[in-house]
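Input: a single structure, listed below in structure tokens.
Every number in this text was worked out from the coordinates using simple rules, so none of it is lab data. Nothing here was measured: the structure is a model prediction, and the numbers come from that model. For neighbour counting, all protein chains shown are included, and Cβ atoms are generated from backbone atoms with ideal geometry for every residue, glycine included.
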Amino acid sequence: MPVRVGALAAFAGTVGLGTISAGEAAAKPAKPEAPVVLPGNIEVPANLNLPPELDKALRGLALPTIPRPGVAVKPASGTVTSGYGARWGAHHDGVDIANRIGTPVYAVTDGVVLESGPASGYGQWIRVRQDDGTTGIFGHVDQSFVREGQRVTAGQQIGTVGNRGNSTGPHLHYEVWNAGGSPINPHAWLANRGVHL
Ligand SMILES: [Zn+2]
């Protein structure tokens, strides 16, 4: 049925041209501004009553939009030795994954590195702005292969498991902080992305 196939192709072409015409796109009203997150966990809400120039300048500081929302991987392979919650009379803000020093540590989602370097208690940490505006914290890492401002993708090796800082044995300590800077349960956050430790 070559005629019918040809007619379908012509029809599809017409529809395609009609829907993506530049004239139509330009005629649509401008979208309202979306909330954005600036370096340092500063949130700019959707509707900020600032002069347009100032609003635009502020949003220009936002971290780049991250593609592939929702794609997530385990931060490291190994044995979960401590979960999120009460531990030893205090609150454990992350999940501990024990493995040998040198085991790869991976970016959990696409994101941007906020910090990589020494940190009290964590020994050495890597903080990553994750694809949903949360911050992933990777503690006690032995080596870091990333630097501040670097884009990373889910599953990219960013460092290695270590035993630095306040650590009782080689493991990765992984935390997730919400946009407000408070730790949230990483098990639940990961499970929502189909990742089960
Ligand atoms: Zn821990």
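So here's what we get for this one:
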read-out: Under-5 Å amide H pairs with W125, H placed in peptide plane, nonlocal only; value: G117, A119
read-out: 20 Å cut-off, amide nitrogen to a point 7 angstrom out along S120 Cα→Cβ, residues in the stretch 126-154; value: 126-127, 137-141
read-out: Likely footprinting exposure, D93, D131, fewest C-beta neighbours within 10 Å first; value: D93, D131
read-out: Calculated P(r) of the stretch 120-197 - Cα pairs past 17 Å, %; value: 48
read-out: Least to most buried among E148, E115, E175 (fewest other Cβ within 10 Å first); value: E148, E115, E175
read-out: Amide H contacts under 5 Å for H92, placed H, 5+ residues apart; value: G85, A86, R87
read-out: Spin-label model distance (nm) - A179 vs R151, 7 Å beyond Cα toward Cβ; value: 2.1
read-out: Derived scalar couplings ³J(HN,Hα) [the stretch 82-90; Karplus, 6.51 cos²θ - 1.76 cosθ + 1.60; whole Hz; x for Gly, Pro]; value: 8, x, 7, x, 4, 7, 6, x, 9
read-out: Ranking of D55, D96, D142 by count of other Cβ atoms within 10 Å, fewest first; value: D55, D142, D96
